[in-house]
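Novice: Have a look at this one before I ask anything.
The values are calculated or read from the model by the stated rules, or taken from the named source; none is laboratory data. A quick note: this is a predicted structure, and the numbers were derived from the prediction, not measured. Virtual Cβ from ideal backbone geometry, glycine too; neighbours counted across all protein chains shown.
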Amino acid sequence: MKFAFFCIQKVLLCLALPALLGGLPRVAPAADPEHVFEPYQALLTRHLAERELPGGGLVSAFDYRAALAADVSLDLLAGQRRRLAEFDTALLETRRQALAFWINAYNFFMIDHILRNPDDGEPPDSVRDYGTLLSPYRVFELKLFDVGGRDYSLQEIELDVLLGERFAARGWKDARVHFMVNCASVGCPPLREQVYTAENIDAMLAENTRRALDTPLHLERDGKTLRVTSLFDWYAADFAARSGSVEGFIRDYGSRRARARLEATETIEFIAYDWSLNTPENLRPVLRAAGLEGFD
């Protein structure tokens with residue numbers, strides 16, 4: 001009798017379980033491309049600050065010291081690394097999903113490496129501190145970053161995946177990626193407070209490029225000379241493939257202000273890249289030059 005009653009209870013519970021679960025909030029799986037970067041978003045929300053410059057430019061700074069001092073940071077980093085290591089990249093079925101995912105991965109791994117490799121408890125002065133005299137940019141070549149069970153280097157993510165032959169063959173290659181990946185340096189295009197998604201990636205490709213080119217870190221007029229970021233020197237072939245030339249790229253994707261500066265000049269020079277870490281302290285001179293206060 002007791003056994004029969006138990007069986008009836010079990011059947012009733014099984015029938016009721018779907019309804020009971022239906023009333024609970026749905027937890028998005030980490031494998032979902034739209035939710036895989038939740039721990040990284042939490043880091044950005046806590047420690048990334050953006051500032052708009054006069055004329056529409058944008059700069060941002062990450063507070064590495066505050067992140068190193070926060071107890072939750074290591075858990076967020078570990079959780080994000082675990083999600084990426086377990087992620088199935090076959091789920092990236094569209095151009096927008098793939099671009100958003102790999103750009104986020106690059107930007108996260110750069111921050112992750114800095115926070116897990118401090119210098120006596122302090123952030124390094126520059127990512128070049130992880131290199132050597134003969135190989136100052138070695139950090140970009142290290143295969144330390146696990147995505148789907150395979151170790152990548154930052155260089156592979158940027159040049160072989162995002163800007164590589166496979167994406168090019170599918171029509172996914174986009175030179176504006178150079179204004180989205182962030183190498184944790186003052187000279188980099190701005191890191192953003194919100195992670196990239198399939199929904200926002202096209203708007204952000206346009207916005208980040210335009211707003212970077214409206215900062216003196218990436219484009220400024222000096223008499224008849226236009227001084228532009230060294231990104232245009234290092235990756236000239238990508239910009240030429242997109243728009244025919246560096247000048248064509250600025251015309252296609254720069255603001256009206258940037259285009260006017262281009263048309264008012266006769267020669268182009270490249271701005272020496274500032275490899276100082278993109279901390280609030282190191283970005284303050286840019287803000288002061290624009291008549292603004294710091295990030296606090």
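Novice: So if I check each of 90, 42, 85, which one is hydrophobic (A, V, I, L, M, F, W, C), over 28 Å from residue 212 (Cα atoms) and in contact (Cβ under 8 Å) with a residue 12 or more places away in the chain?
Specialist: Numbers: 90 fails: in contact (Cβ under 8 Å) with a residue 12 or more places away in the chain; 42 fails: over 28 Å from residue 212 (Cα atoms).
Checking each option against the conditions leaves just 85.
Novice: Checking residue 187 against (1) farther than 20 Å from residue 33 by Cα; (2) of a type outside the set (A, V, I, L, M); (3) in a helix (DSSP H, G or I); (4) in contact (Cβ under 8 Å) with a residue 40 or more places away in the chain, which single condition isn't satisfied?
Specialist: The single condition residue 187 does not satisfy is (3).
Novice: Could you pull out the residue among 202, 174 that is in contact (Cβ under 8 Å) with a residue 40 or more places away in the chain, surrounded by fewer than 18 Cβ atoms within 10 Å (Cβ to Cβ) and of a type in the set (Asp, Glu)?
Specialist: 202
Novice: Which residues, counting only those in the stretch 121-139, are under 22 Å from residue 43 (Cβ atoms) and outside any helix (DSSP H, G or I)?
Specialist: 121, 122, 123, 124, 125, 126
Novice: Right, another one. Just name the residue that is nearest to residue 169 (Cα to Cα) out of those in the stretch 82-113 that are under 15 Å from the mean Cα position of the chain (by Cα) and aromatic (Phe, Trp, Tyr).
Specialist: Filtering first and then ranking leaves 102.
Novice: Restricting to the stretch 233-271, what's the tally of residues that are in a helix (DSSP H, G or I), more than 14 Å from residue 178 (Cβ to Cβ) and touching a strand residue (DSSP E or B) at 6+ places or on another chain (Cβ under 8 Å)?
Specialist: Of the residues in that region, 4 qualify.
Novice: Same structure again: From the list 197, 215, 209, pick out the single residue that is under 19 Å from the mean Cα position of the chain (by Cα), in a loop (DSSP other than H, G, I, E, B) and closer than 29 Å to residue 137 by Cβ.
Specialist: 215
Novice: Then there's this: Considering each of 253, 235 in turn, give the residue that is within 21 Å of residue 54 (Cα to Cα) and of a type in the set (Ser, Thr, Tyr).
Specialist: 253
Novice: Here's a check for you: in the stretch 133-149, which residue that is farther than 14 Å from residue 106 by Cα and loosely packed, with under 13 Cβ neighbours inside 10 Å is nearest to the chain's Cα centre (by Cα)?
Specialist: The residue in question is 149.
Novice: What pairs come out if I take residues in the stretch 147-168 that are at positive phi and pair them with residues that are surrounded by 15 or more Cβ atoms within 10 Å (Cβ to Cβ) and of a type outside the set (A, V, I, L, M, F, W, C) whose C-beta lies under 6 Å away, six or more apart or interchain?
Specialist: 148/89
Novice: Which one of 159, 142 is modelled with pLDDT of 95 or more and assigned to a loop (DSSP other than H, G, I, E, B)?
Specialist: On the way: 159 fails: assigned to a loop (DSSP other than H, G, I, E, B).
Selected residue: 142, the only one of 159, 142 that is modelled with pLDDT of 95 or more and assigned to a loop (DSSP other than H, G, I, E, B).
Novice: With the requirement that a residue be farther than 17 Å from residue 218 by Cα, within 22 Å of the chain's Cα centre (by Cα) and not in a helix (DSSP H, G or I), what does the stretch 275-293 give you?
Specialist: Of everything in the stretch 275-293, just one residue is farther than 17 Å from residue 218 by Cα, within 22 Å of the chain's Cα centre (by Cα) and not in a helix (DSSP H, G or I), namely 279.
Novice: Do we find that residue 109 is in a helix (DSSP H, G or I), in contact with a strand residue (DSSP E or B) (Cβ under 8 Å, 6 or more places away or on another chain), within 30 Å of residue 219 (Cα to Cα) and at pLDDT 95 or above in this structure? Steps first, please.
Specialist: Working: in a helix (DSSP H, G or I): yes; in contact with a strand residue (DSSP E or B) (Cβ under 8 Å, 6 or more places away or on another chain): yes; within 30 Å of residue 219 (Cα to Cα): yes; at pLDDT 95 or above: yes.
It is true that residue 109 is in a helix (DSSP H, G or I), in contact with a strand residue (DSSP E or B) (Cβ under 8 Å, 6 or more places away or on another chain), within 30 Å of residue 219 (Cα to Cα) and at pLDDT 95 or above.
Novice: Select from the stretch 180-199 the residues that are buried (at least 22 other Cβ atoms within 10 Å of the Cβ) and small (Gly, Ala, Ser) and list them in ascending order.
Specialist: Residue satisfying the conditions is 184 alone.
Novice: Checking the condition over 17 Å from residue 189 (Cβ atoms) and at pLDDT 95 or above, which residue from 226, 283 passes?
Specialist: Going through 226, 283 in turn, the sole match is 226.
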